[in-house]
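Please read the structure below before turning to the comments.
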Amino acid sequence: MNTLYGNKFSGNSYKVRLTCELLNIKYQWVEINILTQENRQPEFLRINSLGQVPVLQIEPVTCQLIANLLYY
Ligand SMILES: N[C@@H](CCC(=O)N[C@@H](CS)C(=O)NCC(=O)O)C(=O)O
């Protein structure tokens, strides 16, 4: 299953979510609370060392930067 880590208030997360919906790419959404800095905790930094959302995992690929992610 593809996984999209994002935040519901993040415009960058919305762009990726919208793209997945338009292309009918199935994914599970994982909400990351950037207000409590969940994105800066070791568990999330193992997913994205930059500590930012969105992150899209389409195994075996993990896309971290929004431009790369939308292009992929
Ligand atoms: N340069 C990043 C921008 C991503 C970004 O700005 N994410 C914001 C939310 S829209 C974020 O994670 N902010 C929390 C933080 O930086 O701690 C990219 O291209 O993906």
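Couple of notes before you dig in:
- One quarter of the convex hull surface built on the alpha carbon atoms of the chain amounts to 4.4 nm², the projected area averaged over directions.
- For the stretch 1-38, GluC sites (Glu not before Pro) meeting the loop criterion (DSSP other than H, G, I, E, B) and having at most 10 other Cβ atoms within 10 Å: none.
- Proximal charge balance of ASN2 [Cβ under 10 Å; K/R count +1, D/E count -1]: 0
- Folded to 0 to 90 degrees: helix 11-22 orientation relative to the chain principal axis, Cα: 30
- DSSP loop trypsin sites (Lys or Arg not before Pro) with at most 14 other Cβ within 10 Å: longest gap in the chain: 47-72
- Distance between the stretch 48-72 and the stretch 13-31 - C-alpha centres, whole angstrom: 12
No value in this document is a laboratory result; all are computed from the given coordinates. Just so you know, these numbers come straight off a predicted model, no measurement behind them. When we count neighbours, we look across all protein chains shown, and the Cβ atoms used for this are built from the backbone with ideal geometry, even at glycine.
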